Amino acid sequence: DQQVKQNSPSLSVQEGRISILNCDYTNSMFDYFLWYKKYPAEGPTFLISISSIKDKNEDGRFTVFLNKSAKHLSLHIVPSQPGDSAVYFCAASARNSGYALNFGKGTSLLVTP
Amino acid sequence: GAGVSQTPSNKVTEKGKYVELRCDPISGHTALYWYRQSLGQGPEFLIYFQGTGAADDSGLPNDRFFAVRPEGSVSTLKIQRTERGDSAVYLCASSSDAQTGYSEQFFGPGTRLTVL
């Protein structure tokens, strides 16, 4: 049973524009949410996170928004750069499970020059 | 400093064989996680260690899978009687502490297991 869903398998954006990646979750026990970036043949790399007590967290070009009532989060990248091209995974975790990560299937982002 | 390392990077085995996959976490990290990523999927949680003990093994798919962390550092994931469906990338992650709040999980590069 997929508790974290990323419904867009791929996204293509022009350099300089905004990339918006979406994620939905079903488990109301999740209290910490993360985005990971992954290149081929490498492990996922942490990008940005947000606690359930917040609705926005910003780090440079990356902003994560959390809508708890809708059980939805999104990652905004602005401006997008070709080096951002990678697979992005949304993940959610809960304290009562030792913060083990539940991942979505990923969205492959391609930023074109 | 050294990150999480995993050996081997690739493992090809035949159906029915036994395999061991090793994870060396970041020094001092008490929490260690194993995940499995099948083609086209996100990583799927298998087991979580806090120190030497398995705090949550609810993700292990069946009793052919077993993991140990005898000294609270290196961990070994063991798969008996491998099946073709076990083919995947096995990822290990470690974090400094998972008991007092979320701490970042650092991932290794993974071991790609292929069962022929």
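The values are calculated or read from the model by the stated rules, or taken from the named source; none is laboratory data. It should be emphasised that the depicted structure is a prediction, and the values quoted were computed from it without experimental measurement. Here Cβ is always computed from backbone atoms with ideal geometry, including for glycine, and neighbour counts include all displayed protein chains. The protein model used for the area step is the full one, side chains on, heavy atoms only, and it has no ligands, DNA or RNA in it. Shrake-Rupley method; radii C 1.70, N 1.55, O 1.52, S 1.80 Å.
Only a single criterion out of (1) within 9 Å of the chain's Cα centre (by Cα); (2) open to solvent by 10 Å² or more (accessible area, probe 1.4 Å) is not satisfied by residue A:91, namely (2). Comparison of B:76, B:82 shows that the only residue that is assigned to a strand (DSSP E or B) and β-branched (Val, Ile, Thr) is B:76. Filtering the range B:47-69 to residues that are more than 14 Å from chain A (Cβ to nearest Cβ), within 26 Å of residue B:2 (Cβ to Cβ) and modelled with pLDDT of 95 or more leaves only B:68. Here residue A:38 meets each of (1) touching a residue at least 24 places away in the same chain (Cβ under 8 Å); (2) away from chain B (no Cβ under 11 Å) with one exception, condition (2). Within the option set B:74, B:115, being within 17 Å of residue B:8 (Cα to Cα), of a type outside the set (Ser, Thr, Tyr) and over 14 Å from the mean Cα position of the chain (by Cα) holds for one residue only, B:115. Remark: pairs (first residue in the range A:2-13, closer than 10 Å to residue A:109 by Cα; second residue surrounded by fewer than 16 Cβ atoms within 10 Å (Cβ to Cβ) and small (Gly, Ala, Ser); Cβ separation under 7 Å; 6+ apart in sequence or on different chains) = A:9/A:108; A:10/A:108. Could you list, in sequence order, all residues of the range A:3-18 that are of a type in the set (Lys, Arg) and not in a loop (DSSP other than H, G, I, E, B)? Within the range A:3-18, just A:5 meets the criteria.
Could you say which residue among A:65, A:103 is on the phi < 0 side of the Ramachandran plot, free of Cβ contacts under 8 Å to residues at least 24 places away in the same chain and within 12 Å of the chain's Cα centre (by Cα)?
Numbers: A:103 fails: free of Cβ contacts under 8 Å to residues at least 24 places away in the same chain.
The unique qualifying residue is A:65.
Of the listed requirements (1) of a type in the set (D, E, K, R); (2) open to solvent by 50 Å² or more (accessible area, probe 1.4 Å); (3) under 18 Å from residue A:100 (Cα atoms), residue B:15 misses just one: (3). Applying the criterion of being modelled with pLDDT of 95 or more and either away from chain A (no Cβ under 14 Å) or outside any strand (DSSP E or B) (or both) to the residues of the range B:85-108, the residue that is most open to solvent (accessible area, probe 1.4 Å) is B:85. In the range A:98-113, the qualifying residues are those that are open to solvent by 30 Å² or more (accessible area, probe 1.4 Å) and hydroxyl-bearing (Ser, Thr, Tyr), and the one that is nearest to the other protein chains (Cβ to nearest Cβ) is A:108.
Taking the range A:49-78, which residues are in a strand (DSSP E or B) and within 11 Å of chain B (Cβ to nearest Cβ)?
Within the range A:49-78, A:49, A:50, A:51 meet the criteria.
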